[in-house]
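This report concerns only the one structure given below.
The values are calculated or read from the model by the stated rules, or taken from the named source; none is laboratory data. Since we're looking at a predicted model, the values are computed, not measured. Cβ coordinates were reconstructed from backbone atoms using ideal geometry, including for glycine residues, and neighbour counts include every protein chain displayed. Quick note on the areas: whole protein, heavy atoms, side chains included, nothing else; ligands and nucleic acids left out. Shrake-Rupley method; radii C 1.70, N 1.55, O 1.52, S 1.80 Å.
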Amino acid sequence: MSTDNMTATLSSPSLNLSFDLRSAPFYQKNAQNFILQQFANQLPAMQNLGLLDIYLSRGNSVEAHWHPNAAELVYVIEGEAIVSILNPFTLQVLTYRVKPPQTVYIPMGWWHWEIALKDRTHLLAIFDNHAAQTVFGSDVLRKTPPEVFQIIYGVNAAQLAEVLKPINQTVIIGPPDATQAQLQQGVPFQY
């Protein structure tokens, strides 16, 4: 937002600086696993700031993804989670086991994911951009023709297509319900 537009927004007689995230769901897998959002689309006065309010039950994860235009700070409000980040310079996976009130910083463009270790895990993801973009791993896998992987990496396109067949939509919160059912039936979650 330009300085003139921001000045107009802040000086408006109808200025609103409050927002209820419950009115802006980003994604809902079920009643225990969902994400609420607040960016400039929800509250126009926000400058260079946005957030996702993330609720996860044990064993559920925010799928691997990256933000091409924003850095992120993950703050643990309740529960416990693993936050993993791939360092693109060293190719090392940095893994942090975090509880309240710990944070993890994720640089812009770095591949990362979060896994809840406890039920009622509540995370706040804060972005330094009022319109943060996200590229989800499931989209990269399902939208890239298997023949591209065969040409570039030498993998068998038909076998890869079969392996990737269950990924038929953007995942956002995984695992699929069938795996979640196994976790709830007593198959221990290990990390």
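A few points about this structure:
- Filter result for GLN92 (modelled with pLDDT under 95 and more than 14 Å from the chain's Cα centre (by Cα)): no
- Residue in the range 124-132 that is touching a His at 6+ places or on another chain (Cβ under 6 Å) and either modelled with pLDDT of 95 or more or assigned to a loop (DSSP other than H, G, I, E, B) (or both) present: yes
- Failed item in (1) of a type in the set (A, V, I, L, M, F, W, C); (2) exposed (fewer than 14 other Cβ atoms within 10 Å of the Cβ); (3) touching a residue at least 12 places away in the same chain (Cβ under 8 Å), with PHE136 passing the rest: (2)
- The criterion of at least 1 residues that are surrounded by fewer than 17 Cβ atoms within 10 Å (Cβ to Cβ) and basic (Lys, Arg) is met by the following strands (runs of 3 or more DSSP E) wholly inside the range 41-106: 93-98.
- Leading residue by the ranking (least open to solvent (accessible area, probe 1.4 Å)) among those in the range 1-28 that are closer than 12 Å to GLN42 by Cβ and not in a loop (DSSP other than H, G, I, E, B): LEU21
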